[in-house]
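The values are calculated or read from the model by the stated rules, or taken from the named source; none is laboratory data. Quick caveat, the model's predicted, so the values are computed rather than measured. Counting neighbours? That spans all protein chains shown, and the Cβs are built from the backbone with ideal geometry, glycine included.
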Amino acid sequence: MTATTVAALAAAIASLVLLHEVVGPIVGPNERRPPGTVVGDPRDLPLCPRWFARAAFDADLSPADRWWWAAFGLVAGAALLGFALGGVPLLVVVGGGAALSVVGGLRAARHRRERGLAASVPDALDHIARSCRSGSSVVQALHEVGSAGVGPAGEVLAEVAQRVERGAAMRESLDDLVGRHQVGALRLAAAALLVGADTGAAPARAVEGVATTLRDRAALDREAAAHATQAKASAAVLVLAPVGFGVFTIAADPRVGDFLFRSPGGLACLAGGATLDVLGAWWMSRLVGGAR
């Protein structure tokens, strides 16, 4: 390995470290938690840039710092491999592609935590309704659902009971819950629970009605997703086909790789093709999402 190669590898690593520092400050493990921060908030996650911590939190990836260093290693390794195979142009192409893949994966999974929270709301409401019918108050039912093993919805609803037990009003606690978790299923659950809080009546019937409505809505969403599966598969083939064809062509004829990565015209063609492929993927993603 020549001195020039070693210097280039060191520069690539230094650039990635600089990107790590510039994109977002490190969240230290001893950072003071701001008032109102709940357990699991991305501000609690150590040794990870804030933007990645928020994305990992939304994608329900934990611990976020391990996912960050895994993604960092993937991008750095891809960039170094690209440099070893084709110099700086291939370093930019392969490293940039790996970085875009990481960002795209996080974006595709950005609502995973919300979906998991929404999916567990009906079971949590059923447990609350059973507790209320057996004679428990709303606060007692909310407290019990946290340890009932019904999923993340039970845990966040139990936080409402904890706040009420410390002296907060039920409406205020539920409003705070809805404000922190932008999930439609939780808004409906909070509205059903407020029926009992405002009227003094047992909310079991309203809670059960909301649970039934949410299950019906989830069934419709699954049916729509099933109908969109073929369209997603077709879009994936159209996006990946140019990449696969390019790799096959370069492997079959090295002169194609020399032209693409070692000439201004080839780099322009490569950049234009990659840009059009990304725009096509975005456009088809919007079409499929609109169809759902």
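Could you pull out the residue among 147, 136, 173 that is surrounded by 13 or more Cβ atoms within 10 Å (Cβ to Cβ) and part of a loop (DSSP other than H, G, I, E, B)?
Being surrounded by 13 or more Cβ atoms within 10 Å (Cβ to Cβ) and part of a loop (DSSP other than H, G, I, E, B) holds for just one of 147, 136, 173, which is 136.
Here are some residues: 195, 207. Which one is at pLDDT 80 or above, under 14 Å from residue 128 (Cα atoms) and in contact with a helix residue (DSSP H, G or I) (Cβ under 7 Å, 6 or more places away or on another chain)?
Of 195, 207, the one residue that is at pLDDT 80 or above, under 14 Å from residue 128 (Cα atoms) and in contact with a helix residue (DSSP H, G or I) (Cβ under 7 Å, 6 or more places away or on another chain) is 207.
For residue 100, all conditions in the list (1) surrounded by fewer than 15 Cβ atoms within 10 Å (Cβ to Cβ); (2) in contact (Cβ under 8 Å) with a residue 12 or more places away in the chain; (3) over 30 Å from residue 267 (Cα atoms) hold save one; what is the number of the exception?
Answer for residue 100: the failing condition is (3).
Can you give me the number of residues within region 50-75 that are surrounded by fewer than 19 Cβ atoms within 10 Å (Cβ to Cβ) and within 30 Å of residue 259 (Cβ to Cβ)?
Residues meeting the conditions: 1.
Residue 90 - would you say it is surrounded by fewer than 15 Cβ atoms within 10 Å (Cβ to Cβ) and either over 30 Å from residue 190 (Cα atoms) or touching a residue at least 60 places away in the same chain (Cβ under 8 Å) (or both)?
When the stated conditions are applied, residue 90 does not pass them.
Among what's in region 226-246 and is among the β-branched types (Val, Ile, Thr) and within 24 Å of the chain's Cα centre (by Cα), pick the residue that is surrounded by the most Cβ atoms within 10 Å (Cβ to Cβ).
Taking the candidates together, the pick is 239.
Could you tell me whether any residue of region 101-115 is farther than 14 Å from residue 203 by Cβ, among the polar types (S, T, N, Q) and in the same structural domain as residue 63 (by TED's automatic domain parsing)?
Yes - at least one qualifying residue is present in region 101-115.
How many of the residues in region 103-113 are in a helix (DSSP H, G or I) and surrounded by fewer than 19 Cβ atoms within 10 Å (Cβ to Cβ)?
Residues meeting the conditions: 6.
Quick check, is residue 167 assigned to a loop (DSSP other than H, G, I, E, B), more than 30 Å from the chain's Cα centre (by Cα) and surrounded by fewer than 15 Cβ atoms within 10 Å (Cβ to Cβ)?
It is true that residue 167 is assigned to a loop (DSSP other than H, G, I, E, B), more than 30 Å from the chain's Cα centre (by Cα) and surrounded by fewer than 15 Cβ atoms within 10 Å (Cβ to Cβ).
Listed here are the residues, each with its yes/no results for (1) modelled with pLDDT of 80 or more; (2) touching a Pro at 6+ places or on another chain (Cβ under 9 Å).
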| residue | (1), (2) |
| --- | --- |
| 2 | no, no |
| 7 | no, no |
| 14 | no, no |
| 24 | no, yes |
| 34 | no, no |
| 38 | no, no |
| 46 | no, yes |
| 55 | yes, yes |
| 73 | yes, no |
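Does residue 85 satisfy the condition of being assigned to a loop (DSSP other than H, G, I, E, B), surrounded by fewer than 19 Cβ atoms within 10 Å (Cβ to Cβ) and either modelled with pLDDT under 80 or assigned by TED's automatic domain parsing to the domain that holds residue 217 (or both)?
No; evaluated as a whole, the condition is false for this residue.
So in region 247-258, with the set limited to residues that are closer than 18 Å to residue 91 by Cβ and over 35 Å from the mean Cα position of the chain (by Cα), which one is surrounded by the most Cβ atoms within 10 Å (Cβ to Cβ)?
In this case the residue turns out to be 257.
Restricting to helices (runs of 4 or more DSSP H) lying wholly in region 178-292: which have 2 or more residues that are free of Cβ contacts under 8 Å to residues at least 60 places away in the same chain and either in the same structural domain as residue 132 (by TED's automatic domain parsing) or among the acidic types (Asp, Glu) (or both)?
Those helices (runs of 4 or more DSSP H) span 184-199, 204-252.
Those residues that are of a type in the set (S, T, N, Q) and within 28 Å of the chain's Cα centre (by Cα), I need them from region 121-161; list them, please.
Hit for region 121-161 is 147, nothing else.
Here's the yes/no breakdown for (1) in contact (Cβ under 8 Å) with a residue 12 or more places away in the chain; (2) closer than 21 Å to residue 278 by Cβ; (3) of a type in the set (Val, Ile, Thr):
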{"site": "74", "(1), (2), (3)": "yes, yes, no"}
{"site": "85", "(1), (2), (3)": "no, no, no"}
{"site": "120", "(1), (2), (3)": "yes, no, no"}
{"site": "124", "(1), (2), (3)": "yes, no, no"}
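Just to verify a result, which residue in region 57-71, among those that are within 21 Å of residue 115 (Cβ to Cβ) and small (Gly, Ala, Ser), is modelled with the lowest pLDDT?
Among residues in region 57-71 that are within 21 Å of residue 115 (Cβ to Cβ) and small (Gly, Ala, Ser), the one modelled with the lowest pLDDT is 62.
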